[in-house]
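The values are calculated or read from the model by the stated rules, or taken from the named source; none is laboratory data. Given the structure is predicted, the values throughout are model-derived calculations rather than measurements. Every residue, glycine among them, receives a Cβ derived from its backbone with ideal geometry; neighbour counts consider all protein chains shown. Note: areas computed on protein heavy atoms with side chains; ligands, DNA, RNA excluded. Shrake-Rupley method; radii C 1.70, N 1.55, O 1.52, S 1.80 Å.
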Amino acid sequence: MDSRVSELFGGCCRPAGGGAGAALRGRGGAAPGGGGGSKTKKKNGRSRGGKANNPPYLPPEVSSGGCRLKLVNPSQYRFEHLVTQMKWRLQEGRGEAVYQIGVEDNGLLVGLSEEEMRASLKTLRRMAEKVGADITVLREREVDYDSDVPRKITEVLVRKVPDNQQFLDLRVAVLGNVDSGKSTLLGVLTQGELDNGRGRARLNLFRHLHEIQSGRTSSISFEILGFNSKGEVVNYSDSRTAEEICESSSKMITFIDLAGHHKYLKTTIFGLTSYCPDFAMLVVSANTGIAGTTREHLGLAMALKVPFFIVISKVDLCSKATVERTVKQLERILKQPGCNKLPLLVNSDDDAVTAAQQFAQSPNITPIFTLSSVSGENLDLLKVFLNILPPLTNSKEQEELMQQLTEFQVDEIYTVPEVGTVVGGTLSSGICREGENLVVGPTDDGKFLRLKVCSIQRNRSACRVLRAGQAATLALGPFDRSLLRKGMVMVSPEMNPTICSVFEAEIVLLFHATTFRKGFQVTVHVGNVRQTAIVEKIHGKDKLRTGEKAVVCFRFIKHPEYLKIGAKLLFREGVTKGIGHVTDLQAITTKENGLEESLGPGQLSF
């Protein structure tokens, strides 16, 4: 790409989609009847003085039409056409779209004059009002183009909450070594107040007394950060309750605060595998650098293919040279063949916008932030990044998941006074409604039991309908809590769930001190399933050493589990670690697992 483009917009790549205005392009999918272009004509590629002028380009957009569009005083027909395109883009982008005004569909950065830009933004604002959306100018830049008048290009974020949901929701798992400042950073982001340097900001995040006393997270907790349709932060500094934050927000970031200490590693792995985070935030302390479980957490995110970005905290405690040394240490690790990542240091709002757009498009990009939870240095850059960060799945993939039968993973179990048994987790597929009848299992003897969903809450606010990919808590009324455990699934009665005690997986042994043999016991993590399994057989080999691959047969030692072919698998035992995916199941049939019996009338009251 031309170096001038890199200087102009950080070298960010633009997604495909039809044009949408006077020299305007948009993110969020190709609009029907697209096409676009510039009202400004190119002067034969030559600048004043007779020298050849090579104007900067962005990658060309894929256009489904050839119309030349204008945003400066468009006709009524053209305006309605532009509104239709915006609706399409918002639908494809699941409620968000980024427009570049002043860029032709072929990628030429022609820019617009001040007057043309004002008129174009006014038209864009009218278009947004027509569809019930808001616009926010992300950044403006002057472009070096053959013209006597200064010309600019502008990036604009258009956001509208989809009609079928309350807000856009992204889940971010927070990883990092113990004492790196994870909980403090989340406290500052969600409470809206800086830390006092002694951990005051993190107190509201802890769930247990021993966490407050030690200052170390040992369980999984959730915190929310909202953004309204104009991109402004909504947190507890403006709202008293989570319900108010949800009502005021168009986009919600749910942080999953995981434990950093090595003795809580199984809890951290469970949080990564069961809660299906969209992204991971790896927090590294500037004064200690890469220490403790940092490498291990980095490896977990890469093994599970969770896109991650890095936050270097506590820069107020270090000299500039120390921070730079930590950044170089991270860059060196990220560029190693095992990682093969491209680090992108964020130092300005421009960098944050570029990082958010590139991060969602390329799995190799890894943004790095340097900030302080005490002084607030560069904290706004992280907020800009989170505000613009788009969802990974598009509307088509979401619709396909919603068409499937209901499947809800049980990750947490509570008893709430006057409510009864409550389960927390993620809806993997389908749609779940209040009052719906489901079956839950497998129990220790492989059965599935009837139950009824009495009510649903998302981010502590009531919700009538739950859609695929969303996390929530479901109230089950008088259902006996002792019959439930983590790792179960709640599925539609029409589904014939496959449960098994014996399964095969293709694995890679990441590390083992000696040799991995038949009879070895490991803790297996598959989604929300976590159970000890014994190695029954290694196909084609007698033993495995570090780095070797094989198809291995495992057997759960306690009770059967619900698994799917192709599911990611991670196993560990002490220093032994391996990853892989499930390739075959020795399923227990419906007759064997007692499904019909467990669904008999009168077995459970609900």
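Is it true that some residue in the range 489-502 is in contact with a helix residue (DSSP H, G or I) (Cβ under 7 Å, 6 or more places away or on another chain), touching a residue at least 40 places away in the same chain (Cβ under 8 Å) and closer than 30 Å to Val552 by Cα?
The answer is yes, given that some residue of the range 489-502 is in contact with a helix residue (DSSP H, G or I) (Cβ under 7 Å, 6 or more places away or on another chain), touching a residue at least 40 places away in the same chain (Cβ under 8 Å) and closer than 30 Å to Val552 by Cα.
I'd like to check something: does the range 438-446 contain any residue that is closer than 16 Å to Thr421 by Cα, out of contact with any Phe, Trp or Tyr (no Cβ under 7 Å at 6 or more places or on another chain), surrounded by 15 or more Cβ atoms within 10 Å (Cβ to Cβ) and outside the structural domain of Gly578 (by the TED database)?
Yes - at least one qualifying residue is present in the range 438-446.
Tell me, yes or no, whether the range 419-429 has at least one residue that is over 18 Å from Tyr275 (Cβ atoms), modelled with pLDDT under 95 and open to solvent by 40 Å² or more (accessible area, probe 1.4 Å).
yes
Among the listed residues Leu466, Leu509, Leu474, identify the single one that is buried (at least 19 other Cβ atoms within 10 Å of the Cβ) and more than 28 Å from Lys558 (Cβ to Cβ).
Being buried (at least 19 other Cβ atoms within 10 Å of the Cβ) and more than 28 Å from Lys558 (Cβ to Cβ) holds for just one of Leu466, Leu509, Leu474, which is Leu466.
Determine whether Pro390 is touching a helix residue (DSSP H, G or I) at 6+ places or on another chain (Cβ under 9 Å), modelled with pLDDT of 95 or more and buried (at least 16 other Cβ atoms within 10 Å of the Cβ).
So Pro390 fails the test.
Out of the range 431-440, which residues are on the phi < 0 side of the Ramachandran plot and not aliphatic (A, V, I, L, M)?
Cys432, Arg433, Glu434, Glu436, Asn437
Taking the condition farther than 21 Å from Gln457 by Cβ, in contact with a Leu (Cβ under 9 Å, 6 or more places away or on another chain) and open to solvent by 30 Å² or more (accessible area, probe 1.4 Å), does Glu400 pass? Lay out the reasoning, then the answer.
On the way: farther than 21 Å from Gln457 by Cβ: yes; in contact with a Leu (Cβ under 9 Å, 6 or more places away or on another chain): no; open to solvent by 30 Å² or more (accessible area, probe 1.4 Å): yes.
When the stated conditions are applied, Glu400 does not pass them.
Looking only at the range 556-606, how many residues end up being at pLDDT 80 or above and assigned to a loop (DSSP other than H, G, I, E, B)?
Going through the range 556-606, the residues at pLDDT 80 or above turn out to be 556-588.
Then drop every residue that is not assigned to a loop (DSSP other than H, G, I, E, B), which leaves 557-560, 563-567, 574-575.
Number satisfying all stated conditions: 11.
Matching residues to (1) under 27 Å from Leu300 (Cα atoms); (2) under 18 Å from the mean Cα position of the chain (by Cα); (3) surrounded by fewer than 24 Cβ atoms within 10 Å (Cβ to Cβ); (4) at pLDDT 75 or above:
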| site | (1), (2), (3), (4) |
| --- | --- |
| Asp179 | yes, no, yes, yes |
| Gly187 | yes, no, no, yes |
| Gly197 | no, no, yes, no |
| Glu223 | yes, yes, yes, yes |
| Ser229 | no, no, yes, yes |
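Within the range 289-310, does at least one residue satisfy the condition of being among the polar types (S, T, N, Q) and touching an Asp or Glu at 6+ places or on another chain (Cβ under 6 Å)?
no
Restricting attention to the range 385-431, and to residues there that are β-branched (Val, Ile, Thr) and farther than 30 Å from Arg89 by Cα, which single residue is nearest to the chain's Cα centre (by Cα)?
This residue is Val410.
Report yes if Phe408 is surrounded by 17 or more Cβ atoms within 10 Å (Cβ to Cβ) and not in a strand (DSSP E or B), otherwise no.
The answer is no for Phe408.
With respect to Lys537, determine if the residue is outside the structural domain of Met402 (by the TED database) and assigned to a loop (DSSP other than H, G, I, E, B).
For Lys537, the condition - outside the structural domain of Met402 (by the TED database) and assigned to a loop (DSSP other than H, G, I, E, B) - is not met.
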